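A short worksheet on the structure shown next.
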Amino acid sequence: MALIDVTKSCLDSIRQISEHIEGAIVYLDAGCTESFQLMGAFPLFLDLGARAVCSSENMCALDAVADWNGSFESARKIVIMTSRLLSDAHRFILRCLSMHKGGHCCTIFTSISEVAHSAYPDSPLGPDAFHEYQSFLLQDYEELIENSDLKSGQLVDSNTKGNLTLEDEGWSRFTSNEDVPSLEASSAGKNLYGDSPRRGMVDLGQKPIVSVHHFPMILSPISPRVFVLPSEGSIAEACLSSEHEDSISAGLPSLSTGLPSDVDEVPPAATLTAHFLYHLAAKMDLKMEIFSLGDLSKTIGKILTDMSSLYDVGRRKRTVGLLLVDRTLDLLTPCCHGDSLVDRIFSALPRKERTSSSASIKCSQAQLQPGPSSLARASLEVQIPIGEFLTKEDFEIDDSGLSNSIEAFRCGWDSYNTASEMVDLISLSKKASDEKFFPAELLRGSLVSTKTFKGTPYLEAILDRKTKDGAILVKKWLQETLCRENMTIDVKTRPGFASKLELKTMIKALTKSQSSLIRNRGIIQLASATLFALDESCSARWDAFISAEKILSVNAGDTSQSLAAQISDLINKSAFAGSDGKKSGKKELSQGLLSFQDALLLTISGYILAGENFPTSGSGGPFSWQEEHFLKEAILDAILENPSVARLKFLHGLTQELEANLNKTKSDVTKETSTDELNIDDFDDDQWGKWGDEDEDEENDNKEQEYDDMQLKLELRDRVDNLFKYLHKLSSLKSKKGPLGLESNLSSDPYTNKGLLYKLLTKILGKFDVPGLEYHSSTVGRLFKSGFGRFGLGQAKPSLADQNLILVFVVGGINGVEVQEAQEALSESGRPDIELVLGGTTFLTPDDMLDLLLGESSYI
């Protein structure tokens with residue numbers, strides 16, 4: 001039986017729609033772009049005959065000019081692929097139709113199923129969602145044309161955009177206040193009507209043929225058996241919880257209590273996630289046996305069970321055991337900095353910026369619902385600065401004609417494009433002619449899960465390894481690649497160790513020529529990412545975190561006093577480092593020093609550890625009143641020294657006050673210093689008579705300032721008190737878990753404590769009972785239980801360990817350490833016959849967790 005390969009299944013799904021892609025201009029939204037970038041799908045679109053692949057958020061009329069396959073015929077087909085709800089993508093789809101008036105066939109593929117569209121809260125679409133949307137889209141398209149005709153009474157300047165408002169776009173509840181591109185310009189950028197009153201109108205052609213289809217395989221595969229959801233897709237951006245007593249963040253499930261929820265409303269993300277998993281299994285021809293752990297996971301499991309049918313159960317399909325797990329059952333693992341090379345890479349490298357339209361795409365829902373209407377997840381597309389490791393001499397390329405080529409292209413640019421585009425081209429042309437410019441500066445790489453070395457995917461291999469082992473493996477791949485290219489390097493290498501000098505030298509050797517760079521781009525990009533992550537500027541902070549987390553773990557095994565003292569010490573050191581850096585004029589902290597925000601993340605970890613190790617005291621938290629008082633004072637002083645942390649949600653609205661207070665403190669210190677240096681001989685006799693009045697005015701000003709300072713500190717104390725109430729909620733995770741029986745460490749070494757997934761899989765594969773693990777009966781199972789069970793034909797409850805294929809999906813996200821530990825648990829079980837696939841809502845880094853817990857999406 002063939003092994004499960006999520007990436008291959010996604011690529012096969014694209015091949016199945018080849019008849020739509022051939023000869024079409026393909027538009028992808030940000031979520032699809034991220035997904036197809038990771039799976040390396042863009043060459044496949046070219047092979048299938050796509051004319052061009054463009055961004056739906058940044059479309060322009062010139063998209064029709066680009067043609068990868070050399071066809072001279074005008075484009076007659078448009079394919080739009082989106083990872084969003086049709087209501088969210090509507091304005092882009094409508095803009096696309098208005099941009100390509102000659103395209104008679106428009107095919108729309110969405111990752112959200114038709115049933116999910118109708119079940120989504122506040123959705124304007126009914127049960128027949130796709131057919132309804134087709135009708136609405138064509139109606140809005142006709143209205144847009146009519147409004148455009150009415151506003152085209154005078155000659156339209158070819159360089160201006162149409163000023164159509166929200167109502168002009170039609171279907172106003174589906175759109176934001178962005179403008180739709182103008183319809184005035186013809187395909188040649190010329191006015192076709194001379195001086196007639198209707199000269200602003202254009203030939204709009206015949207009515208387009210629109211069809212909408214479901215395409216479920218839009219996901220972001222990190223390896224063939226590890227995937228997450230696209231960061232800018234509707235599923236990942238949907239809220240996992242609403243604001244109530246047990247919720248901590250919109251991007252995380254509510255705390256599991258094991259009791260019936262008081263909130264009747266199902267979170268939007270639960271519905272979308274259930275439908276995604278159902279259609280993912282159906283597309284891969286799998287039949288699910290569903291297990292869940294955690295309150296939100298149980299809700300998703302029930303939705304999945306209700307979607308199953310006798311037809312689905314009765315077909316001969318391969319069975320997969322689906323295990324749904326709430327992220328909030330283990331918040332400590334993603335908050336900590338583990339020994340994972342992949343985690344280091346995703347934390348160190350800059351990410352692609354989110355599209356500007358994503359932030360406002362749910363503006364209508366934001367007005368209807370309190371709290372965040374959608375989440376801003378970090379993009380999974382890392383940007384590897386390959387050019388930083390190269391010099392002009394290292395990258396030999398003939399760029400003598402580059403300036404002339406850009407200048408020629410600029411001169412041939414169509415007249416109806418905006419002035420800003422012309423300015424960009426002129427600046428690029430000037431930059432190209434500069435002696436200091438060379439193309440290596442423009443090199444940016446990215447990770448692709450399909451890149452392999454002798455059949456082994458790069459990312460899959462390093463996902464299962466720790467930092468040192470992963471770096472050594474990358475070095476080995478570089479050495480074998482150099483041998484294959486018949487290249488030698490003049491650097492001493494040490495076996496069993498990968499130094500930054502060795503990696504950099506081998507990368508430079510492989511990028512000496514363009515042909516070598518193109519052939520070996522996969523290993524070059526991965527090695528450059530590894531080199532960047534291991535650089536001192538990035539690794540020092542990560543190592544400082546590891547050291548601090550080990551100290552917290554050791555103190556958590558001692559007493560609450562020692563743990564509180566350690567947390568307070570970390571906060572004080574971070575506050576001193578931040579204020580000292582500002583006084584010296586440095587924008588960044590010294591290498592290895594943690595900022596105050598880093599100390600807040602460590603405080604969260606410390607409170608979670610305290611909740612697991614110490615009983616709750618009378619103050620409602622794991623520490624005594626005195627211990628917590630010292631922690632509050634330390635955080636209060638640190639905030640006053642670091643007003644930049646006001647971006648955190650619990651300090652919103654205090655930015656100006658904190659900065660003014662810090663500036664006043666600095667000015668007071670400066671005044672005191674200057675006063676001490678004044679000589680009394682500098683004063684004239686006439687000045688002595690004025691001192692009394694000046695002292696009185698100064699005393700009044702000081703009283704007002706003291707009053708303002710007192711108000712600020714009182715407000716800060718209230719905010720800090722709210723922060724600690726929130727920390728108390730996080731420290732109660734152990735009591736909220738109920739009788740899971742997973743809190744005890746399976747390892748006696750305090751430095752190698754494993755996360756929840758390792759403990760959970762170890763118990764399941766060892767066929768131990770897991771309290772709280774719920775099995776969701778299929779349709780046939782419920783039939784046997786309720787009907788045939790009366791005659792002794794009852795069906796035995798299946799075990800997850802009996803499945804030879806297990807899919808673990810963490811609702812809220814996963815990280816690289818958990819992938820390692822899951823594979824380790826599988827290896828230790830002695831069950832080589834089991835295939836394990838891991839999935840999650842998103843890929844989490846410690847910085848992502850800080851943003852979820854204390855940022856905009858937090859319910860603090």
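Could we say that Ala577 is of a type in the set (A, V, I, L, M, F, W, C), in a helix (DSSP H, G or I) and at pLDDT below 75 here? Full working, then the answer.
On the way: of a type in the set (A, V, I, L, M, F, W, C): yes; in a helix (DSSP H, G or I): yes; at pLDDT below 75: yes.
Considered against the rule, which asks whether it is of a type in the set (A, V, I, L, M, F, W, C), in a helix (DSSP H, G or I) and at pLDDT below 75, Ala577 comes out as yes.
The set of residues from segment 232-252 being surrounded by 22 or more Cβ atoms within 10 Å (Cβ to Cβ) and of a type in the set (Gly, Ala, Ser) comprises Gly233, Ser234, Ala236, Ala238, Ser241, Ser247, Ser249, Ala250, Gly251.
Screening Phe291 against (1) crowded, with 24+ Cβ neighbours inside 10 Å; (2) part of a helix (DSSP H, G or I) leaves a single unmet condition, (2).
Under 18 Å from Pro230 (Cα atoms) and open to solvent by 10 Å² or more (accessible area, probe 1.4 Å), is that true of Phe36? Taking the combined requirement at face value, the residue does not satisfy it. Here Met284 meets the list (1) open to solvent by 10 Å² or more (accessible area, probe 1.4 Å); (2) at pLDDT 95 or above almost entirely, failing just condition (2). Looking at Arg51 and the list (1) crowded, with 24+ Cβ neighbours inside 10 Å; (2) under 22 Å from the mean Cα position of the chain (by Cα), which single condition is not satisfied? Checking Arg51 against (1) crowded, with 24+ Cβ neighbours inside 10 Å; (2) under 22 Å from the mean Cα position of the chain (by Cα), the one that fails is (2).
The rows are residues; the columns are (1) farther than 30 Å from His728 by Cβ; (2) touching a Phe, Trp or Tyr at 6+ places or on another chain (Cβ under 8 Å); (3) at pLDDT below 90; (4) of a type in the set (A, V, I, L, M, F, W, C).
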site	(1), (2), (3), (4)
Gly233	yes, no, no, no
Glu245	no, no, yes, no
Ser256	no, no, yes, no
Leu259	no, no, yes, yes
Asp262	no, no, yes, no
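Return a yes/no flag: does segment 59-77 have any residue that is within 26 Å of the chain's Cα centre (by Cα) and not in a helix (DSSP H, G or I). Within segment 59-77, one or more residues are within 26 Å of the chain's Cα centre (by Cα) and not in a helix (DSSP H, G or I). The residues of segment 109-144 that are touching a residue at least 40 places away in the same chain (Cβ under 8 Å), open to solvent by less than 50 Å² (accessible area, probe 1.4 Å) and farther than 20 Å from Leu280 by Cβ, listed by number, are Pro121, Pro124, Tyr133, Gln134, Leu137, Leu138, Asp140, Tyr141, Leu144. In segment 522-541, what residues are buried (at least 19 other Cβ atoms within 10 Å of the Cβ) and not hydroxyl-bearing (Ser, Thr, Tyr)? Within segment 522-541, Gly522, Ile523, Ile524, Gln525, Leu526, Ala527, Ala529, Leu531, Phe532, Ala533, Leu534, Arg541 qualify.
The condition (being in contact (Cβ under 8 Å) with a residue 24 or more places away in the chain, open to solvent by 10 Å² or more (accessible area, probe 1.4 Å) and under 32 Å from the mean Cα position of the chain (by Cα)) is satisfied by just one residue among Ile518, Ile546: Ile546.
The values are calculated or read from the model by the stated rules, or taken from the named source; none is laboratory data. The model shown is predicted, which means the values in this text are computed figures rather than measured ones. Glycine gets a Cβ as well: all are built from the backbone with ideal geometry, and neighbour counts include every protein chain shown. In case anyone asks, the SASA skips ligands and DNA or RNA and just uses the protein heavy atoms, side chains included. Shrake-Rupley method; radii C 1.70, N 1.55, O 1.52, S 1.80 Å.
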